[in-house]
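Please read the structure below before turning to the comments.
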Amino acid sequence: MHPIAVSLLWVFIAVLVAGGLMGFLKAKSKASLIASIGSALPLVLVALGVLPGVVAVGVFILLQALFFVRFRKSGRFMPSGMLLGLSVLMEAVMVYFVFIAKR
């Protein structure tokens, strides 16, 4: 996979795990921590080249659905609205590098 896509993927993984950790520390939400790590794991495997990039596209689609539902329910931009926007951007990046700009 292209180095730019891998770098952006690592940044998203860091933001995702940091958000789950914040949810755990502030609200004692074990579900946030488990969900963030569970979502980050396949993205880590894609970034390491173990899984194909198409897996990341699928993970981003699932994350968008999850963050959209949470954003609609809460109506607050942070954190679900921000993560929804980031996951849309990351999906676009991954679609470009996986399907359009193949190396």
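Of note:
- Each residue of segment 9-17 was assigned a 3J(HN,Hα) from its phi angle through the Karplus expression (A = 6.51, B = -1.76, C = 1.60, θ = phi - 60°), giving 5, 5, 5, 4, 4, 4, 5, 4, 5 Hz with x at Gly and Pro.
- For the chain, the Kirkwood hydrodynamic radius comes to 13.8 Å, computed from all pairs of different C-alpha atoms.
- Under-5 Å amide H pairs with SER29, H placed in peptide plane, nonlocal only: PHE24
- Amide H partners (placed H, <5 Å) of HIS2, local residues excluded: none
- Selected from ALA27, ALA47, ALA56 as most flexible by GNM, with the chain as the system and alpha-carbon contacts under 10 Å: ALA27
- Angle between the chain longest axis and helix 82-95 axis [Cα atoms, degrees, rounded to 10]: 10 degrees
- For LEU51, distant residues with modelled amide H under 5 Å away: VAL46
- Distance from segment 37-81 to segment 1-32 (C-alpha centre basis), Å: 9 Å
- Trypsin sites (Lys or Arg not before Pro) restricted to DSSP loop in segment 1-76 with at most 12 other C-beta within 10 Å: LYS28, ARG76
A short reminder: the numbers here are calculations on the coordinates, not readings from a lab. If you're wondering where the values come from, they're calculated on a predicted model, not measured in any experiment. We place every Cβ from the backbone using ideal geometry, glycine too, and count neighbours over all the protein chains shown.
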